[in-house]
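Please treat every number below as a calculation from the coordinates, not as lab data. Note that the structure is a prediction, hence the values are computed from the model and not measured.
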Amino acid sequence: MITALWCSTVVMIGCASHLVVPEALEAQLDKDVTFAQILAAPESYIGKRMVVGGEVLAAKRMEAGTRLEILQMPLDADYEPSWVKTESQGRFLAVHQEFLDPATMVPGTRVTIVGELTGSRMDRLDDVEYRYPTFSVKHLYVWPSEYAGDRRSGVSIGVFGGMGIGGDSRGGGGFGLGY
């Protein structure tokens, strides 16, 4: 029984070991600024570092790095972007100073970014002018498509165990773990 609990603990720690926001950057974040505030007045927050995330809409290689157009999605406590697109508050641009092959950042790729707000940029979105908040990427986390939080179709793995106590009384117990 103790061995089973120890193994389960190791498995759970292994599943949660991905580092979305490095500890060194965590202390530099301004957690009081919301994406809605940034949209309303991006110039007021230039230089602020924050965690934003969502779904890549487009990636373009540029002379100064790679520009990602991202549909913002609210983040959960683990900084994972929501799956519900209607929860988005808008779009933003993130410039990664290093080369990212646009073929690896295809539309639908889910990302979490530690970024420093650099201002905004006006650009066309369909038939209208749209003001995109712009971020300089300090850290980029790409969510694997096979991540356990991925709620789309695919293979799922589960680990389960059980224990029962018999006799004249109706006692019993159980243990289960799924991810």
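Taking 0.36 nm per residue of separation and subtracting the current Cα-Cα distance, fully stretching the chain between residue 77 and residue 29 would add 15.8 nm. Across region 61-66, computed HN-Hα scalar couplings (Karplus, 6.51 cos²θ - 1.76 cosθ + 1.60, θ = phi - 60°) run 6, 10, 4, 9, x, 10 Hz from first to last residue, x flagging Gly and Pro. Annotation: amide H of residue 100 within the under-5 Å range of 66, sequence separation 5 or more or interchain, hydrogens built in the peptide plane. Computed from backbone phi, the HN-Hα couplings of region 85-96 come to 5, 5, 7, 5, 9, x, 10, 8, 10, 10, 9, 9 Hz, rounded to whole numbers (Karplus: 6.51 cos²θ - 1.76 cosθ + 1.60, θ = phi - 60°; Gly and Pro given as x). 3J(HN,Hα) couplings calculated from phi for region 118-135 with the Karplus curve 6.51 cos²θ - 1.76 cosθ + 1.60 (θ = phi - 60°) are, in sequence order, 10, x, 8, 9, 8, 8, 7, 10, 6, 9, 10, 7, 10, 9, 8, x, 10, 10 Hz; Gly and Pro show x.
Taking amide H as placed 1.01 Å from N in the peptide plane, residue 143 has its amide H under 5 Å from the amide H of 110, 111, 112, each at least 5 places away in sequence or on another chain.
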